[in-house]
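Asks: The structure is given below, and queries will be raised subsequently.
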Amino acid sequence: MLEVRLLYSKLASYNKLLEQTVQERTAELRESEARYRSLTEPASDWHWEQDQTGNFTKVFGPVLEMLGIRVEPFVGKSSNDEVIAWKETEREELHAKISARQPFLDFVFSRINADGSQQRFQVSGEPMFNRSCGYIGYRGIGIELTAKK
């Protein structure tokens with residue numbers, strides 16, 4: 001009985017240590033995430049996430065206004081129904097990368113607005129997977145290059 005009591009005491013001690021370690025790691029993770037966000041947010045004009053069908057699920061920043069699109073991906077009209085002419089070869093290349101579930105870094109694409117002006121954008125993205133390795137969409141960041149000149 002004494003040995004069983006000693007084992008229960010050790011188990012309680014280990015559980016306490018494990019709980020303390022989990023709390024420390026959680027605090028470190030939160031700090032790391034806050035540091036990551038503070039570094040990445042100023043480096044881009046927008047962040048986005050899309051589901052596996054290409055629909056935007058999360059948008060941070062003025063991505064929809066800058067791209068002149070509705071929530072559906074690249075519908076081809078601005079919010080005031082002006083026609084937008086995306087450069088099809090660039091769009092097809094981007095969609096091919098997304099269809100192949102490849103990450104892309106600093107991909108540049110452009111469009112011609114209804115007034116004849118050209119806008120250039122640069123995006124980086126990566127596929128997202130759930131814990132079962134099932135594809136669930138893309139996430140990424142982007143900037144408008146036209147405004148940076």
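The values are calculated or read from the model by the stated rules, or taken from the named source; none is laboratory data. Computed from a predicted model, the values in this text were never measured in an experiment. With ideal geometry, Cβ positions are generated from the backbone for all residues, glycine too; neighbour counts draw on all protein chains shown.
Asks: Considering only the stretch 118-138, state which residues are in contact (Cβ under 8 Å) with a residue 12 or more places away in the chain, of a type outside the set (Val, Ile, Thr) and more than 17 Å from Arg91 (Cα to Cα). I'd like the intermediate steps shown before the answer.
Replies: First pass over the stretch 118-138, keeping only residues in contact (Cβ under 8 Å) with a residue 12 or more places away in the chain: 118-128, 135-138.
After this cut, where a residue has to be of a type outside the set (Val, Ile, Thr) as well, the list is 118-122, 124-128, 135, 137-138.
Pro127, Met128, Tyr135, Gly137 - these are the residues of the stretch 118-138 that are in contact (Cβ under 8 Å) with a residue 12 or more places away in the chain, of a type outside the set (Val, Ile, Thr) and more than 17 Å from Arg91 (Cα to Cα).
Asks: So, one more: Scan the stretch 105-131 for residues that are farther than 28 Å from Gln52 by Cβ and not in a strand (DSSP E or B) and report the count.
Replies: 5
Asks: Give Glu82, Glu65 a once-over and let me know the one that is of a type outside the set (Phe, Trp, Tyr), under 28 Å from Arg101 (Cα atoms) and at pLDDT below 90.
Replies: Being of a type outside the set (Phe, Trp, Tyr), under 28 Å from Arg101 (Cα atoms) and at pLDDT below 90 holds for just one of Glu82, Glu65, which is Glu65.
Asks: Next question, about the same structure. Residue by residue through the stretch 105-118, note down the ones that are under 19 Å from His47 (Cβ atoms) and crowded, with 16+ Cβ neighbours inside 10 Å.
Replies: Residues of the stretch 105-118 that are under 19 Å from His47 (Cβ atoms), as a first pass: 105-109.
Once the filter is applied, which keeps residues that are under 19 Å from His47 (Cβ atoms) and crowded, with 16+ Cβ neighbours inside 10 Å, the stretch 105-118 yields Phe107, Phe109.
Asks: Okay, next question. Just to verify a result, which residue in the stretch 133-149, among those that are within 14 Å of Pro103 (Cα to Cα) and hydroxyl-bearing (Ser, Thr, Tyr), is modelled with the lowest pLDDT?
Replies: Restricting to residues being within 14 Å of Pro103 (Cα to Cα) and hydroxyl-bearing (Ser, Thr, Tyr), the top hit is Tyr138.
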